[in-house]
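Since the structure comes first, as structure tokens, the remarks are kept for the end.
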Amino acid sequence: MAMTASSRAPEGAGTRQSERSPFARLTELLAPYQPGKPLITLSLGEPQHPVPDFVGPVLAKHIAEFGRYPIAKGIEPFRRSAANWLSTRFELPRPIDPETELLVLNGSREGLFFAALTAARYVGERKGRPAILIPNPFYPAYAAGAHAADCEAIYLPTTLANGFLPDLGAPDDATLARTVAIYIASPANPQGAVASRDYFGHLKQLADRFGFMILSDECYSEVYTKQAPGSMLECAGPDFRNAVAFQSLSKRSNLPGMRVGFAAGDRKFLAMFHELRNVAAPQVPVPLQHVAIAAYSDEAHVEENRRLYRIKFDLADQILGNRYGYVPPAGGFCVWLDVSARGGDEAATIRLYREAGVRVVPGSYLARRQTDGSNPGAGYIRLALVADGETTAEALHRLVETLD
């Protein structure tokens, strides 16, 4: 069914509530209670594997460079290293030009936010109020960017029925004609779905036809158990027109506190993106860019990272089995469980905290209500398998004992 302009989330108090941080809402939900056992936190997707050994020595070597203001686009060795990694990791139509087609970011989150502001200016006048399409559930920075850009956020439900990816046939032509950008996450957060080449190709055709930007969030691309996920850039054509991919070292290299990533793709868009970030965005300290150079030049620590996640998903396979609609995700480190038969997502979250000492996130907090009042995240809980294997196993056993 085609999605019309009326498919935006309804306005009102419920919408304002859902605009708040899901973690702030979770804290309020659990505030009246105490954990029934020693607390295990599976709510926050913060990698907890060891920091790579090379980080300390590289920082020490470049410590004096904290005494300089960084340039916004990133130092040339960083851009070259990140571009080389992209060309090695993915089957790109041609190598990325590190001078014009790649910019350093202070983590992917700020880049995804500022990209919405840039897209609204870059795409220009639309046929009606400018809109940004967002998968639902979604990473909060997407909606924040759409709001700051004064664009209508149109939420595309990502459900089991459509493989947990937005149905690209849902928006009608009138909606696409006023779209300035679409956010797509592959692997998806929270469900771990991975877009195929055909899916990316279809998205590229729509972007070219209607003249909007694809903002492809690929920060989980290096966390997978079997097949390596692809990139939007592989299907973006030799000029990468209308497509930008966002990467981060947070998940790939267990460096969430370092806040280093990059954006790569359409050079014309990135030129305007750079102009905005040059005056408004946080700059990335040069010593951290040198750490990133080392990280993008080394795959051993990334392979070890994947090995540790495989162990935990093997545990999930054994402990969860086929309960709660569990399916091992194609990518990422989150588990998306259907607890609708256990009282719903908020009730299950409270029960797991009170009785089992396990902290998870209600799926409805990660999504927005659709125009029909439904919430695609309702009835689910998200678990981030970021702790060590022993802790993860304990949490999963507690979860099953409590919910069963």
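The values are calculated or read from the model by the stated rules, or taken from the named source; none is laboratory data. None of the values given here were measured: they were computed from a predicted structure. Neighbour counts are summed over all protein chains in view; Cβ atoms, including those assigned to glycine, are modelled from backbone coordinates with ideal geometry. Remember, those area values only see protein heavy atoms, side chains included, never the ligands or the DNA or RNA. Shrake-Rupley method; radii C 1.70, N 1.55, O 1.52, S 1.80 Å.
Taking 18 Å as the straight-line reach from the Cα of K73, the lysines in range (excluding those fewer than 8 positions away in the same chain) are K268. Using the 1.4 Å probe convention, the accessible area of the range 149-259 works out to 30 Å² per residue with neighbouring protein chains retained. Taking a sphere under 14 Å around the Cβ of G377 and counting the other residues whose Cβ falls inside, with K and R at +1 and D and E at -1, yields a net charge of +1. Charged neighbours of A83, selected by a Cβ distance under 14 Å, balance to +2 (K, R count +1; D, E count -1). Can you give me the % of accessible surface on the range 260-404 that is carbon or sulfur? Probe 1.4 Å, all protein chains present, nothing else counted. It is 47 percent, rounded to a whole number.
Can you tell me the length gained on complete extension of the stretch K37 to F66, counting 0.36 nm per residue apart and subtracting the Cα distance?
Gain on extension, K37 to F66, equals 6.1 nm.
Of H397, A153, Y365, which is farthest along the charge dipole of the chain in the positive direction, counting Lys and Arg as +1 and Asp and Glu as -1 at C-beta? Checking the options against the dipole of the chain, the answer is A153. The accessible surface of the range 62-133, taken with every protein chain in place and a 1.4 Å probe, is 54 percent carbon and sulfur. Calculated mean residue ellipticity, 222 nm, the chain: -11500 deg cm²/dmol, from DSSP H runs (n ≥ 4) at -39500 (n - 2.57) each, averaged per residue and rounded to 500. Its convex hull of Cα atoms gives the range 290-363 a direction-averaged projected area, equal to a quarter of the hull surface, of 6.7 nm².
Accessible surface calculations at 1.4 Å, restricted to protein heavy atoms, place the range 79-123 at 38 Å² per residue.
When peptides 180-187, 253-260 are sorted by average Cβ neighbour count within 10 Å, with the highest value leading, the order is 180-187, 253-260.
Rounded to the nearest 20 debye, the dipole size of the range 136-241 about its Cα centre is 140 debye, using +1 on the Cβ of Lys and Arg and -1 on the Cβ of Asp and Glu. The range 143-167 to the range 118-142: how many Å between their Cα centroids? Centre-to-centre distance over Cα atoms comes out at 9 Å. Based on alpha-carbon centroids, what's the gap between the range 89-116 and the range 339-359 in Å, whole number please? For the range 89-116 versus the range 339-359, the Cα centre distance is 39 Å.
Under 19 Å of direct C-alpha separation, and excluding same-chain neighbours fewer than eight residues apart, K226 reaches these lysines: K251, K312. Average accessible surface for the range 20-64: 60 Å² per residue, computed with a 1.4 Å probe over protein heavy atoms with every protein chain in place. When the charge dipole of the chain is built from unit charges on Cβ atoms (+1 for Lys and Arg, -1 for Asp and Glu) and taken about the Cα centre, the candidate among P376, A316, G74 whose Cα reaches farthest toward its positive end is G74.
For Rg and Dmax of the Cα atoms in Å, which listed value, (i) 20.8, 64; (ii) 26.7, 98; (iii) 20.7, 59, comes from the coordinates shown? Entry (iii).
With a length cut of 27 Å (Cα positions projected on each helix's long axis) and a Kyte-Doolittle mean of at least -1.0, go through the chain and give me the DSSP H helices that pass.
Span-like helices, by this rule, are 300-320.
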